[in-house]
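Worksheet for the structure shown next.
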Amino acid sequence: MTWETVIGLETHVELATRTKIFCSCTTRFGGAPNTHCCPVCTGMPGALPVLSRAVLDYAVKTGLALGCSITRYSKFDRKNYFYPDLPKAYQISQLYLPIARDGAVDIRTPAGDRTIRIHELHMEEDAGKLVHDPWTDRTQIDLNRCGVPLIEIVTEPDFRTADEVIAYLEKLRETLRYLGVSDCKMQEGSLRCDVNLSVRPMGSTGLGVRTEMKNLNSFKAIARAIAHEADRQIELIEEGKRVIQETRRWDENKDATYAMRSKEDAQDYRYFPEPDLPPIELSEGYLESLRAAQPELAEAKRERYRRMYGLPEYDCRMITSDRALAELFEGLVELGAPPKQGANWIMGEVLGALSARGKEPKDMALTPPTLARLIALVGEGRLNRNTAVKVFEAVFDTDGDVDAHIREHGLEQLNDDALVRETAARVLAADPRSVADYRAGKEKALGALVGQVMRELKGRADPRAVNAVLRELLAQ
Amino acid sequence: MKITTELVDHICGLSCLELQTEEKQDMTAQLEQIVAYMDVLNELDTTGIEPMSHVFPLKNVLREDEELPSQDRAELLACAPASDGEAFLVPKAVE
């Protein structure tokens, strides 16, 4: 029998606000244990949570970007469970009236285009971190992360393959980063994904019993876990056994999932309305102002760059992979740089310099005017491409003054035809061997000669001009 | 609604409580009484009335995203039964 895998995702995203969702403690990652805490986020009796306006804005912006309808009258609920990472013994979340519902995300995979429906998006608080000390057999609780704002984005069971899941997560991450609502760092846990998976005979429309997989810390882990879990379930069914609805934990080292807890007996969350937080009522004016302020997203930019500038698909993809890069590109074009030149510099030198420094595009000092100036000088023939790359390296970290650097180091391209001619003639006279080789048909000898002339002129000549002059002299 | 011993056991499980047999009997009777209050409310005809989650006429109580200093760690840890000076300590809870 052929089997079909059916997958739905629950993605938790930590929002990039300065403060926690219900108190004014910092959300900074790390920090000494329990130093980002107060009576609200440690669950002290009598403490009053107050929702951060930024969390509401970010959640609504995300809902809008994912094509959801925004819930005009929304509220919070308590989800009750006992686990020491949650000091109040309940998590403030949204069950009955989540902030956004019924969205859709279009994805593209090698197998074709698909639409993934978004069931809902809600706001909630993150839990703390537990560390077990095997020596004392005690568990240490660090509540720094407790109360960090999360949005949980729940899809319908619309995925059939791991490729689709990864394509969706990449698109989601790109969108969230463009909106500036999260940095989406999987390794720091600011984007976490639970995978709900079941299998059914191909062609069947009912849903099989599903399991939920947790602890998936990378796209690679997600893809492997999906393959393993689907195989495990199919094997069980084919052996005449049944799949049990449960939560399973992915073990990266063992390349396998194992059962955490059975859903049937553990999960009775006894949700009820959160009395400490008044409801939220959103006006049409508020929604309109957020809609108007939505940035152009990556996909729209790619489409526009292709249409307006005729850039290849690959270039469009590369320069929109990060909002800061796209903004740099648009800045360059606005300052008159030819779009293809701008794209080349970003894909080559800019990405190279960032990766060599282990930096993110948003943290770079380089501004559009600096790079635009460099591109213009190359275009005017006042700087050759190789020298321009050296100048780029020199100004990249501090957004230094391109013209000042060129002046200081005497790097401006020599457009003194007579000098190039004279130097070329001298080099030819001094190297009869290469001249003979060239004339005997060894094209490579010309490269060596160009190199010598460039060295004589300290790299300031235009290599194309040198090449042309040498060919002309050698032909005589 | 009938409160049974099984239901009390279930609630104890969810609340991490261990009760003696006698306490369970007390609890069953008390819960029965508490839930009986709800039956009084259930006598009211609420057809066409919007369910209400809050009794105060408040909405949109929000704060700005401005960081304030957190509480002194020693003071927070002092509120817990056990700590090691950096973290709260509880019996083994990690799987």
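Details
- The requirement of being of a type outside the set (A, V, I, L, M) and under 21 Å from A:Glu152 (Cβ atoms) is fulfilled somewhere in region A:37-45, by at least one residue.
- Note on region A:66-167: enclosed strands (runs of 3 or more DSSP E) holding 1 or more residues that are within 13 Å of chain B (Cβ to nearest Cβ) and either within 23 Å of the chain's Cα centre (by Cα) or not aliphatic (A, V, I, L, M) (or both) are A:77-80, A:90-93, A:112-125, A:129-133, A:138-142, A:149-155.
- Unique residue being modelled with pLDDT under 90 and under 27 Å from A:Met123 (Cα atoms) when the list is A:Glu188, A:Glu170: A:Glu188
- Any pair with Cβ under 7 angstrom, 6 or more apart, that starts in region A:246-269 at a residue that is within 19 Å of A:Leu216 (Cα to Cα) and within 14 Å of chain B (Cβ to nearest Cβ) and ends at one that is at pLDDT below 65 and assigned to a strand (DSSP E or B): A:Glu246/A:Arg261; A:Glu246/A:Ser262; A:Thr247/A:Arg261
- For region A:100-133, the set of residues classified as within 24 Å of A:Val165 (Cα to Cα) and buried (at least 20 other Cβ atoms within 10 Å of the Cβ) consists of A:Ala100, A:Gly103, A:Val105, A:Ile107, A:Ile116, A:Ile118, A:Glu120, A:Leu121, A:His122, A:Met123, A:Glu124, A:Asp126, listed by residue number.
- Within region B:2-22, residues that are within 17 Å of A:Lys79 (Cα to Cα) and within 14 Å of chain A (Cβ to nearest Cβ) reach partners that are surrounded by 13 or more Cβ atoms within 10 Å (Cβ to Cβ) and aromatic (Phe, Trp, Tyr) with beta carbons closer than 6 Å, at six or more positions or on different chains, in the pairs B:Cys16/A:Phe82.
- Each residue in region A:42-65 was checked for being assigned to a helix (DSSP H, G or I), closer than 30 Å to B:Ala87 by Cβ and of a type in the set (Gly, Ala, Ser), and 1 of them qualify.
- Count of residues meeting criterion [among the polar types (S, T, N, Q) and under 46 Å from the mean Cα position of the chain (by Cα)] in region A:430-473: 2
- Filtered residues of region A:421-451 (kept if closer than 24 Å to A:Leu383 by Cβ, touching a residue at least 24 places away in the same chain (Cβ under 8 Å) and surrounded by fewer than 20 Cβ atoms within 10 Å (Cβ to Cβ)): A:Arg421, A:Leu446
- Restricting A:Gly451, A:Gly459 to those that are part of a loop (DSSP other than H, G, I, E, B) and out of contact with any strand residue (DSSP E or B) (no Cβ under 9 Å at 6 or more places or on another chain) reduces the list to A:Gly459.
- Flag for B:Val61 being within 30 Å of A:Glu281 (Cβ to Cβ), out of contact with any Cys (no Cβ under 8 Å at 6 or more places or on another chain) and facing chain A (nearest Cβ under 7 Å): yes
- Test result for A:Ile244, crowded, with 16+ Cβ neighbours inside 10 Å and either under 34 Å from the mean Cα position of the chain (by Cα) or within 22 Å of A:Leu9 (Cβ to Cβ) (or both): no
- Pick from region B:8-41, criterion surrounded by 11 or more Cβ atoms within 10 Å (Cβ to Cβ) and hydroxyl-bearing (Ser, Thr, Tyr), ranking: farthest from A:Asn80 (Cα to Cα): B:Thr28
- Top-ranked residue in region A:1-35 [being within 14 Å of chain B (Cβ to nearest Cβ) and aliphatic (A, V, I, L, M); ranked as nearest to A:Met213 (Cα to Cα)]: A:Leu15
- Just one of (1) facing chain A (nearest Cβ under 10 Å); (2) part of a loop (DSSP other than H, G, I, E, B) fails for B:Thr47. It is (1).
- A count restricted to region A:394-420 and to residues that are of a type in the set (A, V, I, L, M), in a helix (DSSP H, G or I) and surrounded by 11 or more Cβ atoms within 10 Å (Cβ to Cβ) stands at 6.
- Every residue from region B:1-44 that is closer than 29 Å to A:Pro278 by Cα and not in a helix (DSSP H, G or I): B:Glu43, B:Leu44
- Failed criterion for A:Lys79 (all others in (1) touching a Phe, Trp or Tyr at 6+ places or on another chain (Cβ under 6 Å); (2) within 19 Å of A:Ile118 (Cβ to Cβ) hold): (2)
- Check on A:Glu252, under 24 Å from A:Leu169 (Cα atoms), surrounded by fewer than 16 Cβ atoms within 10 Å (Cβ to Cβ) and in contact with a helix residue (DSSP H, G or I) (Cβ under 9 Å, 6 or more places away or on another chain): yes
- Look at region A:176-198: where a residue is free of Cβ contacts under 8 Å to residues at least 60 places away in the same chain and a partner is surrounded by 20 or more Cβ atoms within 10 Å (Cβ to Cβ), sitting 6+ places away or on another chain with Cβ atoms under 7 Å, you get A:Lys185/A:Leu191.
- Close contacts from region A:31-50, counting a first residue that is without any contact (Cβ under 8 Å) to a residue 24 or more places away in the chain and a second that is of a type in the set (D, E, K, R), with Cβ to Cβ under 8 Å and a gap of 6+ residues or different chains, come to A:Ala32/B:Arg73; A:Ala32/B:Glu86.
- Cβ pairs under 6 Å, 6+ apart, first in region B:65-86 and facing chain A (nearest Cβ under 8 Å), second assigned to a loop (DSSP other than H, G, I, E, B) and among the basic types (Lys, Arg): B:Asp65/A:Arg18; B:Glu67/A:Arg18
- Selection of region A:87-136 for residues being without any contact (Cβ under 8 Å) to a residue 12 or more places away in the chain and on the phi > 0 side of the Ramachandran plot yields only A:Gly112.
- For region A:355-382, a tally of residues being part of a helix (DSSP H, G or I) and touching a Phe, Trp or Tyr at 6+ places or on another chain (Cβ under 9 Å) returns 6.
- The sole residue among A:Leu351, A:Leu287 that is in a helix (DSSP H, G or I) and touching a strand residue (DSSP E or B) at 6+ places or on another chain (Cβ under 7 Å) is A:Leu287.
The values are calculated or read from the model by the stated rules, or taken from the named source; none is laboratory data. Since this is a predicted model, take the numbers as computed values, not measurements. Every residue, glycine among them, receives a Cβ derived from its backbone with ideal geometry; neighbour counts consider all protein chains shown.
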